[in-house]
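Asks: Take this structure, written in structure tokens, and hold onto it; I'll ask about it next.
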Ligand SMILES: Nc1ncnc2c1ncn2[C@@H]1O[C@H](COP(=O)(O)OP(=O)(O)OP(=O)(O)O)[C@@H](O)[C@H]1O
Ligand SMILES: [Mg+2]
């Protein structure tokens, strides 16, 4: 194979200037690691959010429309409208039940940012009021039991972990400066739910609706209605039907499903990922400059050799090929080492920053490494193009005469 | 003998345009060289000997005038065709040997063969050639930097011969060698000439020029005899 001789000349040239070549390749290693691991991080974040949202893909949330036009909520801010006077009333709930006849409809009272006191520590969380049978339908319990007794409460996993709560713990709800707080007793803990459309128990306390109305008033003035759709294929249909029915006269509710939220989240994530990847790409640009530099040096040093090669019958494009091989070798070595390091680095980043490596092994995540490697090699070849062109177009006599 | 010249120059002129004024390195040189001739080109330094050889070797193209190699007017050839002509029809032997430092002696000789045949030599042709110029298989594995000047020139001769070109161009082939080694190289060139190759050799040394059938003297870019 004729390719062999040019390739082997390139390999030998790289070996002759091992340190210089190694340093240039190191730049590529860093660049590839930068873009690949940023890509992996972005993909893993997206995948994990997508997965937690699609676990709840069968949920619809019906929210009253606030005066300022709601519906722009992001990152689980499902309580954003609960502070206004807007609410979903009994008739509307009845309409919803009529439409979602096959599905579970859970009207929710909620109060966000309530002060609670655990032991002598104060914090804030969301208080949900649900009918006991709705709690059974809408919340999964990891420990303890569903609502029982007059002051029983179910507590979310985040609060549980943060304050090392156990069954029987007491929590005071309400600001002590504004009258006597209500005291509840933990009867159960809710499973971690992650991101969801409505009724996110992770950082919340769930009490009986009756208790909630006793404390806060507003009977039948629900803050939100959660619909757990039995057939996932009818989610959009059901949502549309509800919106149509309830907004017939005027805009009173908005219905959201997880896909809208998913879109929001993934689009802002991808903006963020592109941004950090662009920063990573700068390091690749620096690497490209150093490859260019090394290739120019190599061509200048080998000018006489190139003259000899040309004079004994080597064609321009064969010289071009030889120099491009050299750049590709640097790119290949740098990118492959970079790829291996991205693999390790990406895994570590997922472990440290996301504490979750489940999605690391997915093709969508690993493809970032392949992309990084390909971009690394391509950049090296690109950087080698001008030096190669210069070498190929040297005047053989000039090249032979140079020292 | 054939009547057609293997090399013919017709009013070949080579001008190097410089900022300080044009340098006329060759001034309307006309010359015919018949197959099998052994020609020595002599003349003072800077008279245009190397320039003339480079035109004949198609390393350079004349500013004006015509040059035929084996009956082909090189004016009409593309860069690729000129390169092929150099590879197939012309063997070069330089004063400074000009071996490729990254390749072993064997690989240096094999290189033009690979360019021409796109595959490695399986017939033992290259080994035979190397031993015919006095390079044994152990020396053949050495890099040029590990060879003496005489050994390097032998390798360079083997490389020039590997594609069996009809024309050998030698620019002061013994210029960097001691006189004994120089004479050995000349014996080698002479026997190659006896095998029918056309040899054109630039030299300063009239003893060396004595090996040639014909001596061309050049001065200020013109043939004077
Ligand atoms: N690339 C070039 N650019 C400008 N001038 C050149 C170039 N090459 C050769 N010349 C000029 O052309 C003339 C002939 O040069 P050439 O190398 O042919 O001489 P030469 O007879 O081979 O000399 P020497 O015996 O020293 O090798 C010289 O005056 C030289 O300065
Ligand atoms: Mg000269």
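Asks: Among A:369, A:381, A:397, A:377, which is the only one that is within 16 Å of ligand 1 (Cβ to nearest atom) and in the same structural domain as residue A:280 (by TED's automatic domain parsing)?
Replies: A:397
Asks: Also, quick follow-up: Quick one: in the stretch B:21-43, which of the residues that are more than 10 Å from ligand 1 (Cβ to nearest atom) and within 22 Å of residue B:63 (Cα to Cα) is nearest to the chain's Cα centre (by Cα)?
Replies: Ranking the qualifying residues of the stretch B:21-43, first place goes to B:33.
Asks: For residues that are surrounded by fewer than 18 Cβ atoms within 10 Å (Cβ to Cβ) and more than 17 Å from residue B:60 (Cβ to Cβ), scanning just the stretch A:382-403, find the one that is farthest from ligand 2 (Cβ to nearest atom). Walk me through it before giving the result.
Replies: Of the stretch A:382-403, the ones surrounded by fewer than 18 Cβ atoms within 10 Å (Cβ to Cβ) are A:382, A:385-386, A:389, A:393, A:395, A:397-398, A:401-403.
Filter once more, so that each one left must be more than 17 Å from residue B:60 (Cβ to Cβ): A:382, A:385-386, A:389, A:403.
Details: A:382: 40, A:385: 35, A:386: 32, A:389: 30, A:403: 15 Å.
Per the criteria, the residue is A:382.
Asks: Also, I was wondering about something else. (1) surrounded by fewer than 14 Cβ atoms within 10 Å (Cβ to Cβ); (2) in contact (Cβ under 8 Å) with a residue 40 or more places away in the chain: which one isn't true of residue A:263, the others all being true?
Replies: The one condition residue A:263 does not meet is (2).
Asks: Based on what the data block shows, is residue A:207 touching a helix residue (DSSP H, G or I) at 6+ places or on another chain (Cβ under 9 Å) and part of a helix (DSSP H, G or I)?
Replies: Judged against the criteria, residue A:207 is not a match.
Asks: To continue, here is another question. Residues A:256, A:248: which one is outside any loop (DSSP other than H, G, I, E, B) and not assigned by TED's automatic domain parsing to the domain that holds residue A:136? Before you say what the answer is, go through the steps one by one.
Replies: Working: A:248 fails: outside any loop (DSSP other than H, G, I, E, B).
Only one candidate passes the filter, namely A:256.
Asks: Looking only at the stretch B:181-225, filter to residues that are in contact with a strand residue (DSSP E or B) (Cβ under 7 Å, 6 or more places away or on another chain) and part of a helix (DSSP H, G or I); which one of those is surrounded by the most Cβ atoms within 10 Å (Cβ to Cβ)?
Replies: This residue is B:189.
Asks: For the stretch A:45-101, which residues satisfy the criterion of being at pLDDT below 80 and outside any loop (DSSP other than H, G, I, E, B)?
Replies: Across the stretch A:45-101, the qualifying residues are A:52, A:53, A:54, A:55.
Asks: If I filter the stretch B:95-113 for residues that are away from ligand 2 (no atom under 15 Å from the Cβ), more than 30 Å from residue B:141 (Cα to Cα) and buried (at least 17 other Cβ atoms within 10 Å of the Cβ), do I get at least one hit?
Replies: There is no residue in the stretch B:95-113 that is away from ligand 2 (no atom under 15 Å from the Cβ), more than 30 Å from residue B:141 (Cα to Cα) and buried (at least 17 other Cβ atoms within 10 Å of the Cβ).
Asks: Name the single residue, out of those in the stretch B:68-85 being within 11 Å of chain A (Cβ to nearest Cβ) and out of contact with any strand residue (DSSP E or B) (no Cβ under 8 Å at 6 or more places or on another chain), that is surrounded by the fewest Cβ atoms within 10 Å (Cβ to Cβ).
Replies: B:78
Asks: Would you confirm, using the coordinates I've provided, whether residue A:249 is within 14 Å of chain B (Cβ to nearest Cβ), free of Cβ contacts under 8 Å to residues at least 12 places away in the same chain and either surrounded by fewer than 22 Cβ atoms within 10 Å (Cβ to Cβ) or in contact with a strand residue (DSSP E or B) (Cβ under 6 Å, 6 or more places away or on another chain) (or both)?
Replies: For residue A:249, the condition - within 14 Å of chain B (Cβ to nearest Cβ), free of Cβ contacts under 8 Å to residues at least 12 places away in the same chain and either surrounded by fewer than 22 Cβ atoms within 10 Å (Cβ to Cβ) or in contact with a strand residue (DSSP E or B) (Cβ under 6 Å, 6 or more places away or on another chain) (or both) - is not met.
Asks: Checking the condition within 16 Å of ligand 2 (Cβ to nearest atom), touching a strand residue (DSSP E or B) at 6+ places or on another chain (Cβ under 7 Å) and either closer than 25 Å to residue B:58 by Cβ or more than 14 Å from chain A (Cβ to nearest Cβ) (or both), which residue from B:173, B:165 passes?
Replies: Selected residue: B:173, the only one of B:173, B:165 that is within 16 Å of ligand 2 (Cβ to nearest atom), touching a strand residue (DSSP E or B) at 6+ places or on another chain (Cβ under 7 Å) and either closer than 25 Å to residue B:58 by Cβ or more than 14 Å from chain A (Cβ to nearest Cβ) (or both).
Asks: OK, next. Does the stretch A:31-43 include one or more residues that are at pLDDT 90 or above, in a helix (DSSP H, G or I), away from every other protein chain (no Cβ under 14 Å) and more than 21 Å from the chain's Cα centre (by Cα)?
Replies: Yes, there is a match, as at least one residue in the stretch A:31-43 is at pLDDT 90 or above, in a helix (DSSP H, G or I), away from every other protein chain (no Cβ under 14 Å) and more than 21 Å from the chain's Cα centre (by Cα).
Asks: Of the residues in the stretch B:10-66, how many are within 14 Å of chain A (Cβ to nearest Cβ) and either assigned to a helix (DSSP H, G or I) or away from ligand 2 (no atom under 16 Å from the Cβ) (or both)?
Replies: Number of matching residues: 14.
The values are calculated or read from the model by the stated rules, or taken from the named source; none is laboratory data. Remember, predicted model here, so these are calculated numbers, not experimental data. In this analysis, Cβ positions are derived from the backbone assuming ideal geometry, glycine residues included, and neighbour counts consider all displayed protein chains.
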